[in-house]
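Undergrad: My structure is below; once you've seen it, I'll send some questions.
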Amino acid sequence: MQAHTIRDRVAFRSSLSPLKAPAFSLLDSLQAHPADVQIEALSLTFTILAQGAGLNPHELVERSRRQLSDAAAVRNPIPEAIEAYAQGELR
């Protein structure tokens, strides 16, 4: 079965690998701004994009939390690198 809609592609994604480059690009583009602005701008943009695509932002956050839990079990370097950035730069 091939997933055709955005909702399907999100729901059936089983790997964080395709998200690595875009996630790091987002962080790179936000780094020039204060930490509070980075977080709020990303949150606002995420919400607008999700709702515009017909997705529930709250459901996506819960999905992300489950993905992080799964990734932590196998020590996935993608969320670990983002977490290190947040702990080191967003103070």
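Undergrad: Roughly what angle does helix 20-30 make with the longest principal axis of the chain, taking Cα atoms, 0 to 90 degrees, to the nearest 10?
TA: Taking the Cα atoms of the chain, the angle to 20-30 is about 40 degrees.
Undergrad: Give the angle, between 0 and 90 degrees and rounded to the nearest 10, that separates the Cα long axis of helix 77-89 from the longest principal axis of the Cα atoms of the chain.
TA: Computed tilt is about 30 degrees.
Undergrad: Another question, if that's okay. Kindly state, to the nearest 0.05, the FRET efficiency for Thr47 paired with Ala71, given R0 = 25 Å and r defined as their beta-carbon distance.
TA: That gives a FRET efficiency of 0.65.
Undergrad: I would also like to ask the following. If each DSSP helix of 4+ residues adds -39,500 (n - 2.57) and the sum is divided by the residues in the chain, what number results at 222 nm, nearest 500 deg cm²/dmol? Mind dumping the intermediate values first?
TA: Numbers: 5 runs with 66 residues, N = 91.
That calculation yields -23000 deg cm²/dmol at 222 nm.
Undergrad: Per 5 Å bin from zero, what fraction in whole % of the C-alpha pairs of the chain is there, up to the bin with the longest pair?
TA: 2, 11, 19, 25, 23, 14, 5, 1, 0
Undergrad: Moving on. Please list, in order along the range 68-74, the HN-Hα scalar couplings obtained from phi with the Karplus expression 6.51 cos²θ - 1.76 cosθ + 1.60 (θ = phi - 60°), rounded to whole Hz, x for Gly and Pro.
TA: 5, 4, 5, 5, 5, 5, 10
Undergrad: In degrees from 0 to 90, rounded to the nearest 10, what is the angle of the helix 35-52 Cα long axis to the longest principal axis of the chain?
TA: 20
The numbers here are math on the coordinates, done by the rules we state, and not lab data. This one's a predicted model, so the numbers in the text were calculated from it and none came from an experiment. Quick reminder, even Gly has a Cβ in these numbers, built from the backbone with ideal geometry, and neighbours come from all protein chains shown.
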